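Here it is: the structure, laid out below.
The values are calculated or read from the model by the stated rules, or taken from the named source; none is laboratory data. The structure presented is a predicted model; accordingly, all values stated were derived computationally and were not measured. Glycine gets a Cβ as well: all are built from the backbone with ideal geometry, and neighbour counts include every protein chain shown.
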Amino acid sequence: MGDALFNIPWAVILILLPLVGGMTCFLWPKVAKTLGLFTSSVIVLSVVGLAWKMIGNGIYRHAVGGWSSPLGIELYADGLSLLMLAMAALVGLAISLYSTAYFEQSLSLRFWPLWLFLLAALNALFLSADIFNLYVTLELIGLAAVALTALSGGRDALSGAMRYLLATLLGSLAYLFGVVLLYHGFGSVDIAILAQRVEATPIVWAALGLMSAGLVLKTALFPLHFWLPPAHASAPAPVSAVLSALVVKASFYILLRLWLDIFGPLGAEGVADLLGLLGAAAVLWGSLQALRQTRLKLLIAYSTVAQIGYLFLAFPLAVGDGVAAWSAAAYLALSHALAKAAMFLVAGNLLRFGGHDRIADLDRVVERLPITVTAFALAGVSIMGLPPSGGFIGKWLLLEAALVQGRWDLVVVMMVGGLMAAGYIFKVLGYAFTQADAPHESRPVPLSMEWAALLLAIAAILVGLMATEILPLVGIGDPFGTGGVKP
Amino acid sequence: MNWDEWVPLLVIASSLLTGLFIFGLAEEKVRLRTVLNLLGAVTKLGLVGWMFWGGYHGHYFETRLPLLPDLDLVLRAGPLALLFVALSSVLWLLTTIYAIGYLEGSPHRSRFFGFFSLCVTATVGVALAGNLITFLLFYELLTLSTYPLIVHRGTEEARRAGQSYLIYTLCGGSLLLLGTVWLYTLTGTLEFTPQGFIHGLGEEHHVALVAIFILLIAGLGVKAALVPLHGWLPQAMVAPAPVSALLHAVAVVKAGAFGIVRVVYDVFGVERAAVLGLTGPLAAVATVSIIYGSLRALFQDDLKRRLAFSTVSQVSYIVLGVAIAGPIATVGGLVHLVHQGLMKITLFFCAGNLAETLGVHKISEMDGVGRRMPWTMAAFTVGSFGMIGAPPVAGFISKWYLGLGALEAGQGWVILVLAGSSLLNAAYFLPILHRAWFRPPPDAWPHEHDFGDKETAWALLLPPVITALLAVGAGLLATAAFSPLEWAQLIARREFYQP
Amino acid sequence: MCISRWLLLPLILVLAAGLGYAVLSLPDQAEGLQKMVAAKMEVSGVSNPVTAVLLNFRAYDTLLEMVVLLMALLGVWSLGSPPPQPEPAPDPVLDTLARLLAPVLILVAAYLLWVGADSPGGAFQAGAVLGAAGVLLLLAGWRLHHGLTGLPLRLALVAGPAAFVAIAVLTMFKTGGLLEYPQAQAGILILILETVATISIGVTLAALFLGARPEHRKKQ
Amino acid sequence: MNAAFLYALVGVGLFCIGLYALIVHAHLLRKILALNIMGSGVFLVLVALAKRTGNAIPDPVPHAMVITGIVVAVSATALALFLMLKVAAETGRAELPEERGE
């Protein structure tokens, strides 16, 4: 029995099940909600199963079609992939729970197929070891994300989606060009094989430039973040949550992979420093913009811009043995996903409740929606990097790395960024206690929507107390082993 | 399995779980909430008693949970921890009783008592923290759990007070974080140990160590309201009286002072700190705070604001005692940690009673209040005399040991500081007493509640009377076993005479 | 992104120069995977290397690609009705042309599908031609019978990716490998996939051209 | 230096021209076309360089990749065009409004 369970091809389920689910939802919209919730739950189980398998057997490899690379495509999962899969599964479950109550009928039947395909694409991406296959999954994610952004219609949503689509297509094309160059330079699109074959030739530098640029654009790193706030702020709440929590992480994950296995070892300090610089700028600029916003959803969107910056601070800090810095980045990615998704769901609740998201007249929501406000507060703790929370662990590791390297510039950026984050979080919470000038009537918020947000926020706190369980899992297959630029 | 490993955790849980339960309670469930509150407080007191007994026989309970690879979350009931944890758990019980009476019939009590319990949880965590990261964790939790108490009234004024409180404390917190991580990268450990854990670091780290010390002290000084980091304290007076009492006597301000004690004794070690030339400046800062606080207190007509500035001055005695860097002065500083708590909470309870019963907020309104509320003002008088340092009240003991310690350490100037501040204390407390007892009462009080023949509700009267008695007791029975003094001397021996 | 053209132009030129240099730095001779593909041809089930790569060696890509196509359609349909466009005026020439051409195009599609097994051609080319036929008919004002615009149409659209997923699952059970065909059946499986895919692609392209989801039971 | 490189260079050229057009043109249709030109450029590089095998038979893998790429491009273009129509209908002009807050 145990063996039977152990030998279930969990990874394959992660990809195929949501595809089947999506198609079924498209064919028979009536079953959409139930099926969607079911699918997300099974995905969580499958990730657990995969983790169990990998704790036993180490890294997971599967040659699709029986054709091992370079001829065929291989599925590959190590600790880093596992972390990303778990992130997608958890956030995905909460989003599904939330969406069962959020969308009214007409939107619901459009939402579910897109959402399940998006989940499938994310899982496929985190499981792929083939840079061309990664391109296809990337495009799949992009199209799904754009369609979801435009879902609610309306001027802002449509133009936001349009800008997003142009940006994401440009990014993918730049990435694809890099893939082309790498293939013709080294005769394979398999990451592991490329890792063995690459040496510092013009082709590699060109590919590095194109792919980094494309992926940075898709990840919305300052100053290429212009498309993110309008899109994330105008989409329906659960969609904003998915975009901020998962979609931007997908392209970041690819960049991280390429860097760890292919480009990092070539000693591209210059690029690493540039990325770090942009990251620092993103932290400051994003936080500043967030502080200036008067609408909750825009505030949260700019906070995403800032938080993405932290992820890129790891690149210059990973000189030599990069394990600490990369673990920090991975941890920050995970906890940001949980916390930020929670925040957007909270925004959705407040929007549903008061019919607006103007921060200045939240009108005593702390009494009227205690669960929702608690969710926002807990998520905020993680975003601010206060203990105990996933954000704190990530910040601690990153600070440690920065101090060991004596990178005081980055230390200062992290400190200031944290304080600015506190600034915009409490800007919201402060008004949650006060009375608005014009008390307005309000619509009830379904419990499932409130709890979905709260559970995510609690998860963001809990990962801060489970570092000693999570970090070893991330270490499976030693993803950061060759991490970092050779000094 | 070994129960001892869990006692410190249970102490934390006793108030944490209470808080979480209470959050879930419906507003009108007054009785159940009261029961839970008292149950939590009494349970904690019992557990602390158990730990105290163990500590008295040299057995220190400890809980260890993994937090990061090779960095644990440690709760240890060492002597210093026990001193503070005992103080806070006793005063929590009294403050809870007081708050129940004070907030009777006011809205959002579930929320209030929820955060109230979290606040005490954080304080106890700060007290029991066995290493710097655990301390940091609860220190930040304290910031977060106090904020809702300060903005509890939901007025625009409250929101602004809360904002400035956060700006101060969060900046402090991040300085503390920076110092902690930096220290960790140098030492590879953060475990509190008597006489410090930085022996390994030689002269080449001199600059780094000084910088770290400044970071840590600045981070803690914000909560300890060291001048010039005290700006938030007077504003925070918008909070309800029980909160102010808690803030000043046990929770926030005390946590800061306690942290400074920890840093000097158990992180750097007082000798090393002196060698690094850090105690001198610290003493200077403390002195400035003592004098400045008293001077500002003189000119406040609002009673709570006057008490607030008096806190700025009084808490710095603790820092001063530490900074003099001698065993006897240490005793003075540590014992004042407890004494100031007892006396100051008495004063705030009384202020709350005046406001709640008669609507009296200003000193100029206090004429003859002693005849209307004799018990309250008696307690207030005791507290005031303690602050001034008149025997037999506890405050005298503190100042006595501080003075002796200063002489022993060859720092006579401190005597002048003590004398001067005592004069100032007298100057801003005696007029109040004079008004209260010797001026004729006005025809009508600003806003009087009727409590029948009693001067006020028993829940409001009992706590200040008890704390006042404790303050006197601590003074009279200073040499008895288990007295704060005895305990402080035990700690000082550990710090100074251990091989 | 409002950069003045005069700053932009030199930047683009530098980019072009750099990329051109990188491309030219490649060796003149590089066989890539050609030999490896050739070596595996006889077990691939087809004799056209491109088809072999598409539907066997890298069939997983193709699976996802079918999903991308469906996704695009879902996206378009999720945007709701298109802004009103002028109904094409009944045009006798176009009408006749459509009637004549549509059958031919369908035949051509079938042919392309068939030859794809051993010479250039295959599902995508065939699907494209089929789609063209659909577009032509739509231009001529022909609309799908309202009875078919519901589930039947959706089935036709899903058929392609569904076939891939179905075979993926089957192979998981049969050989334990995702899309790992049993060697004997490789040829026939690929043919099935290609046929279904062709229809699906054709319908999808036509539907994309039409734009919004055709309303239910609305007489044309 | 064989013909393959000539085509590849043309591909690079197309890519850059497309990029330029994408940035400077405000009209959405032009932007979408520009993206398609960039795509064609990339595909051209991909297939052209596949001809560098010593023998007559080119490397089939890039050809397969190009087919995949084209299908993806077609899908994306379809979505983009329809979205453009919606934006035009909503805002009255087929251009993006200047983003606020920046």
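Can you tell me which residue is surrounded by the fewest Cβ atoms within 10 Å (Cβ to Cβ) among those in the stretch C:158-186 that are more than 8 Å from every other protein chain (Cβ to nearest Cβ) and in contact with a helix residue (DSSP H, G or I) (Cβ under 7 Å, 6 or more places away or on another chain)?
C:Pro182
Of all residues in the stretch C:116-128, which are in contact (Cβ under 8 Å) with a residue 60 or more places away in the chain and in a helix (DSSP H, G or I)? Give the derivation first.
Looking only at the stretch C:116-128, we keep the residues that are in contact (Cβ under 8 Å) with a residue 60 or more places away in the chain, and these are C:116-124, C:126-128.
If the condition is that a residue be in contact (Cβ under 8 Å) with a residue 60 or more places away in the chain and in a helix (DSSP H, G or I), then C:Ala123, C:Phe124, C:Ala126, C:Gly127, C:Ala128 are the ones that fit.
List every residue pair whose Cβ atoms sit under 8 Å apart, with the two residues 6 or more apart in sequence or on different chains, where the first one lies in the stretch B:231-244 and is over 21 Å from B:Leu103 (Cα atoms) and at pLDDT 85 or above and the second, anywhere, is aliphatic (A, V, I, L, M) and not in a helix (DSSP H, G or I).
Final answer for the pair search is B:Trp232/B:Ala225; B:Leu233/B:Ala225.
Quick check on B:Leu430: is it in contact (Cβ under 8 Å) with a residue 24 or more places away in the chain and either closer than 18 Å to B:Glu356 by Cβ or crowded, with 17+ Cβ neighbours inside 10 Å (or both)?
Values: in contact (Cβ under 8 Å) with a residue 24 or more places away in the chain: yes; either closer than 18 Å to B:Glu356 by Cβ or crowded, with 17+ Cβ neighbours inside 10 Å (or both): no.
Criteria not met by B:Leu430.
Could you list, in sequence order, the residues of the stretch C:56-70 that are over 15 Å from D:Pro60 (Cβ atoms) and more than 7 Å from chain D (Cβ to nearest Cβ)?
Let us first name the residues in the stretch C:56-70 that are over 15 Å from D:Pro60 (Cβ atoms), namely C:60, C:63-70.
Hits for the stretch C:56-70 are C:Tyr60, C:Leu63, C:Leu64, C:Met66, C:Val67, C:Leu70.
Can you say whether C:Leu79 is modelled with pLDDT of 95 or more and within 30 Å of A:Ser172 (Cα to Cα), as far as the supplied structure shows?
No.
Let me ask something else. Scan the stretch C:133-155 and tell me whether some residue there is more than 9 Å from every other protein chain (Cβ to nearest Cβ), among the aromatic types (Phe, Trp, Tyr) and either outside any helix (DSSP H, G or I) or closer than 22 Å to C:Gly75 by Cα (or both). So that I can check it myself, show each step before the final result.
Step one: filter the stretch C:133-155 for residues more than 9 Å from every other protein chain (Cβ to nearest Cβ), giving C:133-150, C:152-153.
If we keep only those that are among the aromatic types (Phe, Trp, Tyr) too, we end up with C:142.
If we keep only those that are either outside any helix (DSSP H, G or I) or closer than 22 Å to C:Gly75 by Cα (or both) too, we end up with C:142.
Yes, the conditions are met somewhere in the stretch C:133-155.
For the stretch A:346-368, give me each residue that is within 13 Å of chain B (Cβ to nearest Cβ) and not in a helix (DSSP H, G or I).
Scanning the stretch A:346-368 gives A:Leu362, A:Asp363, A:Arg364.
Identify, by number, the condition in (1) more than 20 Å from the chain's Cα centre (by Cα); (2) without any contact (Cβ under 8 Å) to a residue 60 or more places away in the chain; (3) within 30 Å of B:Phe451 (Cα to Cα); (4) assigned to a helix (DSSP H, G or I) that B:Gly55 doesn't meet.
Going through the list (1) more than 20 Å from the chain's Cα centre (by Cα); (2) without any contact (Cβ under 8 Å) to a residue 60 or more places away in the chain; (3) within 30 Å of B:Phe451 (Cα to Cα); (4) assigned to a helix (DSSP H, G or I), B:Gly55 breaks only (3).
Then there is this: D:Arg30 versus (1) crowded, with 20+ Cβ neighbours inside 10 Å; (2) in a helix (DSSP H, G or I): which is the lone unmet condition?
Here D:Arg30 clears every test but (1).
Regarding the stretch A:58-71, can at least one residue be identified that is more than 27 Å from A:Asp190 (Cβ to Cβ) and within 12 Å of chain C (Cβ to nearest Cβ)?
For the stretch A:58-71, residues more than 27 Å from A:Asp190 (Cβ to Cβ) and within 12 Å of chain C (Cβ to nearest Cβ): absent.
Taking the condition of being at negative phi, more than 23 Å from the chain's Cα centre (by Cα), buried (at least 19 other Cβ atoms within 10 Å of the Cβ) and outside any helix (DSSP H, G or I), how many residues in the stretch B:170-206 meet it?
Residues in the stretch B:170-206 being at negative phi, more than 23 Å from the chain's Cα centre (by Cα), buried (at least 19 other Cβ atoms within 10 Å of the Cβ) and outside any helix (DSSP H, G or I): 3 in total.
Now a separate question. How many of the residues making up the stretch B:433-457 are free of Cβ contacts under 8 Å to residues at least 60 places away in the same chain, closer than 13 Å to B:Leu358 by Cα and either surrounded by 15 or more Cβ atoms within 10 Å (Cβ to Cβ) or of a type in the set (Asp, Glu) (or both)?
Number satisfying all stated conditions: 2.
Answer with yes or no whether A:Thr294 is surrounded by fewer than 20 Cβ atoms within 10 Å (Cβ to Cβ) and polar (S, T, N, Q).
Details: surrounded by fewer than 20 Cβ atoms within 10 Å (Cβ to Cβ): yes; polar (S, T, N, Q): yes.
So A:Thr294 fits the description; yes.
Just to verify a result, which residue in the stretch C:199-214, among those that are part of a helix (DSSP H, G or I) and among the aliphatic types (A, V, I, L, M), is farthest from the other protein chains (Cβ to nearest Cβ)? Full working, then the answer.
Taking the stretch C:199-214 and keeping what is part of a helix (DSSP H, G or I), we get C:199-210.
If we keep only those that are among the aliphatic types (A, V, I, L, M) as well, we get C:199, C:201, C:203, C:205-208, C:210.
On the way: C:Ile199: 15, C:Ile201: 8, C:Val203: 14, C:Leu205: 8, C:Ala206: 11, C:Ala207: 10, C:Leu208: 4, C:Leu210: 10 Å.
Here the answer is C:Ile199.
Is one or more of the residues making up the stretch C:92-103 more than 14 Å from chain A (Cβ to nearest Cβ), in a helix (DSSP H, G or I) and of a type in the set (Gly, Ala, Ser)?
Taking the stretch C:92-103 first, the residues more than 14 Å from chain A (Cβ to nearest Cβ) are C:92-103.
If we keep only those that are in a helix (DSSP H, G or I) too, we end up with C:92-103.
With the extra rule that they be of a type in the set (Gly, Ala, Ser), the set shrinks to C:98, C:102.
The answer is yes; a qualifying residue exists.
Sticking with this one: Out of (1) more than 14 Å from chain A (Cβ to nearest Cβ); (2) in a helix (DSSP H, G or I); (3) more than 23 Å from B:Glu495 (Cβ to Cβ), what's the single condition that is false for B:Ile167?
(1)
Can I ask one more? Which count do you get for residues in the stretch B:140-158 that are assigned to a helix (DSSP H, G or I) and either more than 9 Å from chain A (Cβ to nearest Cβ) or within 20 Å of B:Leu103 (Cα to Cα) (or both)? If you could, list the steps in order and put the result at the bottom.
Initially, the stretch B:140-158 is screened for residues assigned to a helix (DSSP H, G or I), giving B:140-150, B:156-158.
Right, trim to either more than 9 Å from chain A (Cβ to nearest Cβ) or within 20 Å of B:Leu103 (Cα to Cα) (or both) and you get B:142, B:145-150, B:157-158.
Number of matching residues: 9.
With the checklist (1) under 27 Å from D:Leu6 (Cα atoms); (2) facing chain A (nearest Cβ under 8 Å) in hand, flag the one item C:Val53 doesn't pass.
That leaves (2) as the condition not met.
In the set B:Leu430, B:Leu416, B:Leu460, which member is over 30 Å from B:Leu404 (Cβ atoms) and aliphatic (A, V, I, L, M)? Spell out how you get there, then give the answer.
On the way: B:Leu430 fails: over 30 Å from B:Leu404 (Cβ atoms); B:Leu416 fails: over 30 Å from B:Leu404 (Cβ atoms).
Of the residues listed, the single one that is over 30 Å from B:Leu404 (Cβ atoms) and aliphatic (A, V, I, L, M) is B:Leu460.
For the stretch B:1-12, enumerate the residues that are surrounded by fewer than 17 Cβ atoms within 10 Å (Cβ to Cβ) and in a helix (DSSP H, G or I). Working first, answer last.
Step one: of the stretch B:1-12, the residues surrounded by fewer than 17 Cβ atoms within 10 Å (Cβ to Cβ) are B:1-6.
B:Trp3, B:Asp4, B:Glu5, B:Trp6, listed by residue number.
Which helices (runs of 4 or more DSSP H) sit wholly inside the stretch B:308-421 and have at least 1 residues that are among the β-branched types (Val, Ile, Thr), out of contact with any strand residue (DSSP E or B) (no Cβ under 9 Å at 6 or more places or on another chain) and surrounded by fewer than 24 Cβ atoms within 10 Å (Cβ to Cβ)? If you could, list the steps in order and put the result at the bottom.
Values: elements: B:327-353, B:369-372, B:374-388, B:394-408.
Fully inside the stretch B:308-421 and qualifying: B:327-353, B:374-388.
Kindly indicate which of A:Pro223, A:Pro229, A:Pro265, A:Pro236 is buried (at least 24 other Cβ atoms within 10 Å of the Cβ) and either free of Cβ contacts under 8 Å to residues at least 60 places away in the same chain or not small (Gly, Ala, Ser) (or both).
A:Pro229
With the structure loaded, tell me whether D:Met38 is within 7 Å of another protein chain (Cβ to nearest Cβ), in contact (Cβ under 8 Å) with a residue 24 or more places away in the chain and crowded, with 16+ Cβ neighbours inside 10 Å or whether it fails that test. Can you show your working first?
Values: within 7 Å of another protein chain (Cβ to nearest Cβ): yes; in contact (Cβ under 8 Å) with a residue 24 or more places away in the chain: yes; crowded, with 16+ Cβ neighbours inside 10 Å: yes.
So D:Met38 passes the test.
Look through the stretch A:167-197, keep the residues that are without any contact (Cβ under 8 Å) to a residue 40 or more places away in the chain and of a type in the set (Phe, Trp, Tyr), and return whichever of them is nearest to the other protein chains (Cβ to nearest Cβ).
A:Phe177
Report those helices (runs of 4 or more DSSP H) wholly inside the stretch A:198-260 carrying at least 2 residues which are more than 27 Å from C:Val14 (Cβ to Cβ).
Details: elements: A:202-219, A:228-234, A:237-242, A:248-258.
Ranges flagged: A:228-234, A:237-242, A:248-258.
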